[in-house]
Every structure is written in structure tokens, then in C-alpha cells.
Amino acid sequence: MSDTIPITPAGFRALRERYELLFTTERPRLVETISWAAGNGDRSENGDYIYGRKRLREVDRELSHLSRRMKAVTIVDPAQQANRSRAWFGATVTIVDEDARERTVTLVGEDEADATAGRISWRSPLARALRGAAVGDVRNVT
């Protein structure tokens, strides 16, 4: 799995929903605003036109990124993992530090990582240390 870019089904769904929102709602609204602003005359001092063009470039850039990302990822369903006794992609793990503080994390793809929600990237240092760990294993993370 080191050469693939894994993502959970929920993560892929979120990417697709973001793409569809931008493509079907945000972009057409911006094009309409830019068209309206262009019809108002002088474009050099037209804030709606200038901001609209800038925002349209940002949206197009994000659409391009999302499109490339959706083509590059491999959907891995954690529920279909054969070996559930060890921590692999999609596993939810409770870790305890040397001060006996517990923390629960889920190993997910890079696109869906959110440390505040307890979802850490599969390629993060902590996740790399946890890969393959079983209940009771001791792992050191620098």
C-alpha cells in the first residue's frame, strides 16, 4: 500500500461532493457575476469583475486538484480488512502515552486527515509507528 494513495469511502465521497459543489454551484455563479460585471463597462476599476476573475481562477485550480486527486486515489474500505487484530489503514486505535493519557485516533488517507477530530494521516510519523501494532504492543515515537 506504500505506492498507492489510500482513501476511505467516506473520504472519497467528501472529495466528490466538494468537486460537485464547486462545479455545479460555485463556478456557474461566479461566471454569471463576472459576465454581469463585464457588462458594466470599465473593467480596470470594477471590483466585482476583478474579484470574480480571481475567485474563478481559485475555483478552477481547486477543481483541477480535486479531479487529479480523485483519479489518483485507491478506495480502501476498512470494513473489508482481512486482519483486524492489527492496526492497518482505517483502524481506530486507542493509544496511551507515558503520562497515562489516552487518545483515540483513526488512520485515514492524507486528504481526510483532521487531527482535532482524531483522524491522522496514514503517512504521519505516529501512524507509521502504529502500523501493524496489535493490542498491548509498545511503540516509541520520536
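Read the figures in this text as sums done on the coordinates, not as results from a lab. None of these values were measured; they are calculated from a predicted model. Positions of Cβ are backbone-derived with ideal geometry, glycine not excepted, and every protein chain shown enters the neighbour counts.
Positive-end ranking of ALA115, HIS65, LEU22 along the dipole of the chain, with charges on Cβ about the Cα centre, is headed by HIS65.
As a test of the formula, what do you get for the chain when each DSSP H run with n ≥ 4 contributes -39,500 (n - 2.57) and the sum is divided by the residue count, at 222 nm and rounded to the nearest 500 deg cm²/dmol?
Numbers: 4 runs with 57 residues, N = 142.
Taking each H run of at least 4 residues, the total per residue is -13000 deg cm²/dmol.
When the chain is treated as a GNM with alpha-carbon contacts under 10 Å, the residue of GLU98, GLU26, GLU62 showing the greatest mean-square fluctuation is GLU98. Between helix 9-21 and the chain there is an angle of about 10 degrees, using the helix long axis and the longest principal axis of the Cα atoms.
Label point of ASP48 set 7 angstrom out along Cα-Cβ; within region 1-37, amide nitrogens under 20 Å from it belong to 25-37.
Given a cut-off of under 8 Å on Cα pairs at least six residues apart, what relative contact order in percent is computed for region 40-129?
Working: 70 pairs, mean separation 11.8, N = 90.
Computed value for region 40-129: 13 percent relative contact order.
The trypsin sites (Lys or Arg not before Pro) of region 1-88 that DSSP puts in a loop, and whose beta carbon has at most 16 other beta carbons within 10 Å, are ARG43, ARG84. Histogrammed with a bin width of 5 Å, the alpha carbon distances of region 5-74 distribute as 3, 17, 22, 17, 13, 10, 8, 5, 3, 1 percent, first bin at zero.
Using the C-alpha atoms of the chain, what convex hull volume per residue, in cubic angstrom, is computed?
Details: hull volume 20.6 nm³, N = 142.
Spread over its residues, the Cα hull of the chain gives 145 Å³ apiece.
Distance between the 7 Å Cα→Cβ label points at GLN81 and ASP99: 2.8 nm.
Could you tell me whether region 78-130 comes out rounded, prolate or oblate from its Cα gyration tensor? Rule is a ≥ b ≥ c as square roots of the eigenvalues, rounded for a/c under 1.5, then prolate if a/b exceeds b/c, otherwise oblate. Kindly include the intermediate steps, with their values, before the conclusion.
Details: a/c = 1.90, a/b = 1.25, b/c = 1.52.
Note, shape of region 78-130 comes out oblate.
Length available on full extension from ARG68 to LEU56: 0.36 nm per residue minus the Cα-Cα distance, which gives 2.5 nm. Taking the longest Cα principal axis of the chain as reference, the axis of helix 27-38 is set at about 30 degrees.
Across region 93-142, Cα pairs under 8 Å and at least six residues apart give a relative contact order of 22 percent. For the chain, modelled as a GNM whose springs connect Cα atoms under 10 angstrom apart, the maximal fluctuation among SER44, SER67, SER124 occurs at SER44.
Against the chain, whose longest principal axis comes from its Cα atoms, helix 47-72 is set at around 40 degrees.
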